[in-house]
Amino acid sequence: MRSYLILLVTLFFFASCQPRGTSENPVGLKTTEALRPQFHFTPQSGWMNDPNGMVYYEGEYHLFYQYYPDSTVWGPMHWGHAVSKDMIRWERLPIALYPDSLGYIFSGSAVIDWRNTSGLGTEQTPAMVALFTYHDPVGEQEGRIDFQTQGIAYSVDKGRTWTKYDRNPVLPNPGIRDFRDPKVSWNEESHQWVMTLAVKDHIEFYGSPDLKQWNKLSEFGKSIGAHGGVWECPDLFPLKDEQGNTRWVLFVSINPGGPQGGSATQYFVGDFDGKKFIPIDTTTKWMDYGADNYAGVTWSDIPASDGRRLFIGWMSNWQYANIVPATDWRSATTLPRSLSLKNRGDHVWLASTPVIEFENLREEPVEYQDVLAAIDTESKPIPLPKSEIEIIIQLHRESSNNDFEIELSNAKNEKLLIGLSGTLNQYYVDRTLSGTIDFSDVFAGRHMGKRIGQNDDITIRLVLDTSSLELYTDDGTLVMTELCFPTEPYSSMKIKTASKGVVTKSVHLYPLKSIW
């Protein structure tokens, strides 16, 4: 019986690995498709989750992603592929990596081997090298714990075609069930490639001279940070804080155990000497307090002349990712974001803002002044000219106890609420009445995110797509990403306060163009 089950799994596995014509030859999307985001990346069809292998090369931003072309629920993982000149408008390319006899192609990263340390390219044509986790479904079915290993593949034609290394895996499993998601970068201090790997409940660092041979350097995190679930999808990179100090930021995605109960990404700020990461504090910090930003990592090989650290995440949550409303596709990415560090008190905090290229989608703005005076408790309704819109509200609170709420609504009285509780010093997004919510017992609710400071001059930036909201405020140190599924577009906005004493300085509405 056991052999029969293994045979079934194997047959299913290899059947899923065959190329499909529809996924290889994508066509333009219909802009009227229900719930399709109009400026967030989505697959044309099928299932998508974690972004993978983001790398910049010769004018193109590459986005690979966990992809299953044959269903809108998770299945045998491939690497989908898209490229962009600006991280906003994307061209879908054929599937880059298919499962093979070693397993499904789980998450990982990609780098340009400029020095040809691997020998897989040349100095004139450096190889683009993908590092990924092989997940062996047969080994998992047999009850083994060593079914995840690390493999590599390479391309010498700008990522259009790929060759898997003939001696995979390059990092065998030492006997640990969760051993995955390699994020690799070149470290000048130790003059080697450094792999940041998620290992069950902690991070392990490995070093290599050539991307093929790896030795363990150190571990981090067994007794630090949030441990409500398995650690996944790490990233390690340097950033300067506002005082000019070079710090290292370590991302660790966790599922479950996030601030809203499901999946989320925590981060640590510290120092890295090429072998070992040491945090400067052990406070648990979240890069996004919304329910729907997970497994995000940053682009490799961004030119020094650009200087930005650029990020994108998966816009969903494992609590309900397989059952959110969809047609023949499921899941989107967040907006690409530029990351920075802010010094606030004794801590260094991560800040996120949409990349400047996003503003090229803005159409002619509509501006309102004096929407809410200090004696008011509610503004007049402000019509929203489009369902895809950016809203920037500048306001002042006369007291740090003053609250406010932004209500987005439609003719069916569906409401998405965004606000600040003055007494709690926390922002919230409430999607209890936001539209379609009955597909999940945990989707509806009010999600809270605690502010770092008490500044009473506040700028709220809301980015509203067909089925999502992104909130940026407090210089980007407070971000919340939330899915929402109104049955018709939100068409009106009000600003409210229960305490009075809130003054709006300006309201700007920017209708946004579709990228499709």
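Bear in mind that the values in this text are calculations on the coordinates, not laboratory data. The model shown is predicted, which means the values in this text are computed figures rather than measured ones. Reconstructed Cβ throughout: ideal geometry from the backbone, glycine too, with neighbour counts over all protein chains shown.
What to note about this one:
- Alpha-carbon Debye profile of the chain, log10 I(q)/I(0) at 0.07, 0.10 Å⁻¹: -0.38, -0.78
- Other residues lying with their Cβ under 12 Å from the Cβ of SER190 contribute a combined charge of -1, Lys and Arg counting +1, Asp and Glu -1.
- Distance in nm between pseudo-label sites at PHE439 and VAL156 (7 Å out along the Cβ direction from Cα): 4.5
- Cα-projected label distance for THR459 with GLU189, points at 7 Å along beta-carbon direction, nm: 3.3
- Values of log10 I(q)/I(0) for the range 362-511 across q = 0.11, 0.13 Å⁻¹ run -0.38, -0.54, by the Debye formula with one identical scatterer at each alpha carbon and no solvent.
- Length gained on full extension, LYS513 to SER223, computed as 0.36 nm times the residue gap minus the Cα-Cα distance: 99.8 nm.
- Panel order for GLU188, GLU470, GLU140, by other beta carbons found within 10 Å of each beta carbon, from fewest to most: GLU188, GLU140, GLU470.
- Ranked list, fewest to most other Cβ atoms within 10 Å of each Cβ, for TYR56, TYR510: TYR56, TYR510
- Computed over the chain, the per-residue total of -39500 (n - 2.57) for DSSP H runs of n ≥ 4 gives a 222 nm mean residue ellipticity of -1000 deg cm²/dmol, rounded to 500.
- Kirkwood analysis of the range 187-228, using all unique Cα-Cα pairs, places the hydrodynamic radius at 11.2 Å.
- C-alpha long axis of helix 2-16 to longest principal axis of the chain, angle in °: 70
- Gain on full stretching of the segment that runs from THR423 to LYS450 - 0.36 nm per residue minus C-alpha separation: 8.6 nm
- Ranked packing of 302-313, 128-139, most packed first, by mean Cβ within 10 Å: 128-139, 302-313
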